[in-house]
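Trainee: Let me begin by handing over the structure; questions about it come next.
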Amino acid sequence: MNNIQMLQEPTPTISTANKPIELYIFVDPLCPEAFSMQAVLRKLQLEYNHYFTWRFVLSTELTSLNCLSKRVKGCISGIELDINHPVLPSIAIKAAELQGKRAGARYLSKLQEYVLLSHQDVNSYATLLKIAEDIQLDMTEFTVDFGSKEAARAFQCDLYIKREMEVDEVPSIVFFNECIEDEGLKVSGSYAYEVYEHILQEMLNEQLVRQPLPSIEDLFSKFHTLSTNEIAFIYSLTEQAAERELKKRMLQQKIERIQTTHATLWRLK
C-alpha cells in the first residue's frame, strides 16, 4: 500500500491506559467516504476495542472561523435567527465533545444520518441544534458551547493536527503504539477490514483476540441507526440475509425502516 507512512507521535491528548494502541481518525463529517468508513470503524470497535483508544480529528477546510464564531454568538443572543455555513457542523461536533467523547461520536453519527435522510440542511445552525436535542444533549450547555472559544479552539486544534501529520486525504487513520519513541503509521484512504486487522496485529506483535459480536438487538442499543450494508458487513452476511434478519425485528416492532435515496436505514424504536 503506497498510502502508508511513518510519523512522529504528537503530544498524547487522550489516555491510553491498558490499551496499547491509539488511533487518530481523520474525517470530513459530510464527506461520503466518511459514511462508507463508518462500518469498518464500528466493527473494529466491536471486535478489538480492548486494544485501542481513538479520537476523531475533523478535517473540514476552514476559511473564516473567527468571523463565524462572532455570528454564532449573535445567533445565540437573538441578533440572528439562523445562520448557514459549511464549517458549522464541525463546530457543532466539537461543542458536543465538550460533553464527552462519546457525546461527540453520537452527534457525528446523528449528523450523518440527517445527511443521508436529506430532510434538512445540516449547515444550518437551527438544524444542528435539533440534532443535539435528538441525542439528548444538555441543550443549555450545548448552545453556550456552540458559540464558545473552546469549541472553536478544539476545531482549530484538529486542523493543526491534520497539518502537522501532513494528512492530505480523508478518511485517513494514524496508528500509534504505547512507545512514544516509535513512529506512527499513517494509512491514507479506505481499505478492506482485513488490512486494519493486519496493522493492529503487526503493531501489537501478537495474535489478535476478537471480542464476540453482540446480538443485533444489542448492536442497535449501542448505535441506534444502521444501514442494511452495515449489518451485512458487521455480521459477514449477504445483504439479502441481513435484510431478512432486520425485517424480522421490524415485525417485532423493535426497529423501524427508513428508506433513503442512497441507502436503507434501520433505527431503534
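Trainee: Just to be sure I understand: if I project the alpha-carbon convex hull of the range 216-268 onto a plane and average over all orientations, what area do I get in nm²? Provide the component values of the computation, followed by the final result.
Mentor: Working: hull surface 12.8 nm².
Mean orientational projected area (the range 216-268, Cα hull): 3.2 nm².
Trainee: A follow-up question, please. Please report the spacing between the Cα centers of the range 22-60 and the range 128-203 in Å, no decimals.
Mentor: Going from one Cα centre to the other spans 8 Å.
Trainee: Which residue fluctuates the most in the chain, going by a Gaussian network model with Cα springs under 10 Å, if the choices are F155, F142, F220?
Mentor: For the chain, modelled as a Gaussian network with Cα springs under 10 Å, the answer is F220.
Trainee: Take the alpha-carbon positions of the chain, form their convex hull, and give its projected area averaged over all directions (one quarter of the hull surface) in nm². Please report the intermediate quantities before stating the final value.
Mentor: Working: hull surface 59.2 nm².
With every direction weighted equally, the projected area is 14.8 nm².
Trainee: If you count, for each residue, the other Cβ atoms within 10 Å and average over each peptide, how do 18-24, 180-186 line up from highest to lowest? Could you put the intermediate results ahead of the total?
Mentor: On the way: 18-24: 18.6, 180-186: 14.4.
The densest-packed peptide leads the list: 18-24, 180-186.
Trainee: I would also like to ask the following. Using Cα springs under 10 Å in a Gaussian network model of the chain, which residue among E47, E97, E206 shows the largest mean-square fluctuation?
Mentor: Sorting by GNM fluctuation, first place goes to E206.
Trainee: Which residues does the label zone of S36 cover in the range 240-269, counting backbone N under 20 Å from a point 7 Å along Cα→Cβ?
Mentor: Within reach of a label on S36: 240, 260-265.
Trainee: Based on the Cβ-Cβ distance from S221 to D168, what FRET efficiency comes out when R0 is 45 Å, to the nearest 0.05? Present the calculation step by step, with values, prior to reporting the outcome.
Mentor: Working: r = 37 Å, r/R0 = 0.83.
Efficiency, from the Cβ-Cβ distance: 0.75.
Trainee: Among L58, L137, L237, whose mean-square fluctuation peaks in a Gaussian network model of the chain (Cα, cutoff 10 Å)?
Mentor: L237
Trainee: Next question. So between E183 and Q253, what do we pick up on full extension, going 0.36 nm a residue minus the alpha carbon distance? Don't jump to the answer; show the numbers that get you there.
Mentor: Values: separation 70, 0.36 × 70 = 25.20 nm, distance 4.94 nm.
Result: 20.3 nm gained on full extension.
Trainee: Also, I was wondering about something else. Do the sum for the chain: with -39,500 (n - 2.57) for every DSSP H run of n ≥ 4, divided by all residues, what is the mean residue ellipticity at 222 nm, to the nearest 500 deg cm²/dmol?
Mentor: On the way: 11 runs with 131 residues, N = 269.
About -15000 deg cm²/dmol.
Trainee: Which whole-number percent gives the relative contact order of the chain, counting Cα pairs below 8 Å spaced six or more residues apart? Don't skip to the end; give the middle numbers.
Mentor: On the way: 363 pairs, mean separation 68.0, N = 269.
It rounds to 25 percent for the chain.
Trainee: Checking understanding here: applying a Kyte-Doolittle mean of at least 0.0 and a length along the axis of at least 15 Å (C-alpha), which whole DSSP H helices in the chain pass? Working shown, then result.
Mentor: Working: long enough: 32-48 (25 Å, -0.13); 65-77 (18 Å, 0.27); 101-117 (24 Å, -0.27); 149-164 (22 Å, -0.82); 193-204 (17 Å, -0.13); 239-251 (18 Å, -1.36).
The answer, listed by residue number, is 65-77.
Trainee: If you stretched the chain out fully between H262 and S118, how much longer would it get, using 0.36 nm times the residue separation minus the C-alpha to C-alpha distance? Could the numbers behind the result be given before it?
Mentor: Values: separation 144, 0.36 × 144 = 51.84 nm, distance 1.00 nm.
That works out to 50.8 nm of additional length.
Trainee: While we're looking at this one, here's another question. Could you please report the charge total around F35, scoring K, R as +1 and D, E as -1 over all other residues with beta-carbon less than 11 angstrom from its beta-carbon? Before the final figure, lay out the partial values.
Mentor: On the way: positive: none; negative: D28, E33, E113, E230.
Result for the local shell: -4.
Any read-out appearing in this document is the output of simple, stated calculations on the displayed coordinates, not a laboratory observation. Since this is a predicted model, take the numbers as computed values, not measurements. A quick note on method: Cβ atoms are made from the backbone with ideal geometry, for glycine too, and the neighbour counts reach across all protein chains shown.
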